[in-house]
Amino acid sequence: MNKGKRTGFLVALAVVVAAFFAILPVSRADDTATQDSEEVSKLLAEVKAETHELEKDAENLSAWTRAKNISWEGHTGQTELIREHVNKTGRLLTELQNAREGASPWQQKAIDEIHPALKSLADNTRATITLLSENKSRIHANPEYRDLATANYDLARELAALVTEYIDYGKHQAEFQRLHEKLQVSAD
């Protein structure tokens with residue numbers, strides 16, 4: 001590379017690096033401008049606990065559809081537990097939506113993604129309960145009931161994983177921010 005081309009390249013590189021460092025403080029300010037909401041974090045932790053209980057109960061119901069020795073009353077009790085978890089999670093989601101404005105961006109995204117996942121689960125749970133109440137004596141031979149119960153478990157598992165992943169993300173982001181600030185202090 002001749003001297004003129006190398007000088008031009010170095011000047012261009014210097015401009016790009018300078019632009020990067022000029023933008024960096026703005027990005028850092030944006031990242032720290034919205035702190036995680038303690039209220040939202042607490043509500044997400046409650047949603048996580050509820051969705052994991054929901055997942056266990058939905059897994060039990062799904063397994064029961066393959067067992068011939070569990071009565072329709074047992075199935076009804078289990079679907080009632082699932083419905084209660086869905087309703088409690090729905091109430092928590094309402095509280096999350098009310099607190100959304102003060103939430104950090106990742107918390108807002110979590111709230112936004114929980115809503116459709118919970119709605120799908122609620123709709124499926126409603127269909128499962130309806131089918132069960134209309135076919136009490138034939139639930140063991142009803143493939144549609146088995147499919148709904150299995151779908152309920154899949155939806156519950158996905159919802160629990162979604163909430164857990166967002167909470168884990170928030171913890172890792174907070175740790176990253178703490179380390180970033182620690183390194184910034186020691187670099188000064």
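The values are calculated or read from the model by the stated rules, or taken from the named source; none is laboratory data. These numbers come from a predicted model, not from an experiment. For neighbour counting, all protein chains shown are included, and Cβ atoms are generated from backbone atoms with ideal geometry for every residue, glycine included. Protein only, heavy atoms only, side chains kept; ligands, DNA and RNA dropped before computing areas. Shrake-Rupley method; radii C 1.70, N 1.55, O 1.52, S 1.80 Å.
Among all the aspartates and glutamates, which ones have a C-alpha under 14 Å from K42's C-alpha, if same-chain residues fewer than 8 places away are not counted?
K42 reaches E50, E95, D168.
Give me the percent of the accessible area of region 70-166 that comes from carbon and sulfur atoms, probe 1.4 Å, all protein chains in place.
52
Suppose the chain between Q97 and S71 were pulled fully straight at 0.36 nm per residue; how much longer would it get relative to their current alpha carbon spacing?
Working: separation 26, 0.36 × 26 = 9.36 nm, distance 3.90 nm.
Net length gain for the segment: 5.5 nm.
Label points 7 Å out from Cα along the Cβ direction at F176 and R138: separation in nm?
So the label points at F176 and R138 sit 5.4 nm apart.
Straight-line reach from K56: which aspartates and glutamates have a Cα under 20 Å away, not including same-chain ones fewer than 8 places off?
E46, E73, E80, E84, D123, D147, D154, E158, E165
For region 88-186, report the accessible area per residue in Å² (1.4 Å probe, heavy atoms, rounded to an integer). Don't skip to the end; give the middle numbers.
Numbers: 5630 Å² over 99 residues.
Value returned for region 88-186: 57 Å² of accessible area per residue.
For region 130-145 and region 85-101, what is the centre-to-centre distance using only Cα atoms, to the nearest Å?
Going from one Cα centre to the other spans 31 Å.
Which number gives the lysine pairs in region 59-188 that have C-alpha atoms under 30 Å apart and are eight or more places apart or on different chains?
11
Using alpha-carbon pairs under 8 Å, 6+ residues apart, how would you state the relative contact order of region 78-188 in percent? Working shown, then result.
Working: 50 pairs, mean separation 31.9, N = 111.
Relative contact order for region 78-188 comes out at 29 percent.
Calculate the dipole size of region 44-155 relative to its Cα centre from +1 charges on Lys and Arg beta carbons and -1 charges on Asp and Glu beta carbons; express the result in debye to the nearest 20.
On the way: 14 positive and 18 negative charges, 53 e Å.
That gives region 44-155 a dipole magnitude of about 260 debye.
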